[in-house]
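To start, the structure itself, in structure tokens.
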Amino acid sequence: MASFQVRSNQRDKQADSERIGSVIKVVDDAIAAAQREKDSLGRRVRNARDLAAIAMGNDNDEYLTRENKDTTRIKEYEQQFIAGQARLDQLEKQIQGLSAVQNLLRAKFPVLIE
């Protein structure tokens, strides 16, 4: 009759480390992707804000003589800025949530993480 035998502790530790490590890598990659998107979008949002500021001008009564096409362009910049800022807020929440998951994994499995 065959006897029951378990794997070595080293092999168990390696299997556990690979399993948990793969989850942590996915979370790390997701955080990095969200951060890259946030950085890139942040630059475009700042650009839209700057373009709107230039289009608006700096005279107190410039809005009285502004052409309709310029007013339309300013509104487009404003909508881009609003939509971009909303997405930046979403990305920040995602990064915070994923970072919390990352911290939890690292706290729960500190021995398994290399």
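Here are a few things to note about the model shown:
- Scan of the stretch 13-49 for residues that are open to solvent by less than 50 Å² (accessible area, probe 1.4 Å) and at pLDDT below 85, ordered by number: ALA15, SER17, ALA48
- As for the stretch 86-95, it holds at least one residue that is assigned to a helix (DSSP H, G or I), under 30 Å from LYS13 (Cα atoms) and at pLDDT 95 or above.
- Among the residues of the stretch 63-106, those identified as in contact (Cβ under 8 Å) with a residue 12 or more places away in the chain, farther than 30 Å from ASP16 by Cα and not polar (S, T, N, Q) are ASP70, ARG73, ILE74, TYR77, GLU78, PHE81, GLY84, ARG87, LEU88, LEU91, GLU92.
The values are calculated or read from the model by the stated rules, or taken from the named source; none is laboratory data. In this text, all values refer to a predicted model and were calculated from it rather than measured experimentally. Methodologically, a virtual Cβ is constructed for each residue, glycine included, from the backbone with ideal geometry; neighbour enumeration extends over all protein chains shown. For the accessible areas, the whole protein counts, side chains as well, though only heavy atoms, and no ligand, DNA or RNA atoms are used. Shrake-Rupley method; radii C 1.70, N 1.55, O 1.52, S 1.80 Å.
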